[in-house]
Amino acid sequence: MIALRRTTKIRGAPMRPLDLQTICDQCQRSRAHGNHDKCSKARQAEMAELRAREKNHE
């Protein structure tokens with residue numbers, strides 16, 4: 001038997017695939033395996049610091 005897959009539609013048009021990386025930019029391991037809470041917190045802190053620097057530059 002063939003499984004039929006419905007395509008997700010947004011506003012009547014098919015949804016494009018998400019642009020996500022499969023490898024974590026912090027620990028260089030697959031995002032599908034393991035807990036990446038520490039990586040997420042590090043990424044958030046890095047972006048907050050970058051925004052603060054940009055704000056001070058203006």
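Read-outs: derived from the displayed coordinates by stated rules, not from any lab. Being a predicted model, the structure only gives us computed values, none of them experimental. So basically every Cβ, Gly included, is an ideal-geometry build from the backbone, and we count neighbours across all protein chains shown.
Helix 37-57 axis versus longest C-alpha principal axis of the chain: approximately 50°, rounded to the nearest ten. Decide, for the chain, between rounded, prolate and oblate: order the square roots of the alpha carbon gyration tensor eigenvalues as a ≥ b ≥ c, take rounded if a/c falls under 1.5, and otherwise choose prolate if a/b is larger than b/c, else oblate. Oblate.
Please give the calculated 222 nm ellipticity per residue for the chain, where each DSSP H segment of at least 4 residues contributes -39500 (n - 2.57) and the sum is spread over every residue; nearest 500 deg cm²/dmol? Present the calculation step by step, with values, prior to reporting the outcome.
Working: 1 runs with 21 residues, N = 58.
That calculation yields -12500 deg cm²/dmol at 222 nm.
Cβ-to-Cβ counts within 10 Å put R31, R53 in ascending order as R53, R31, the fewest first.
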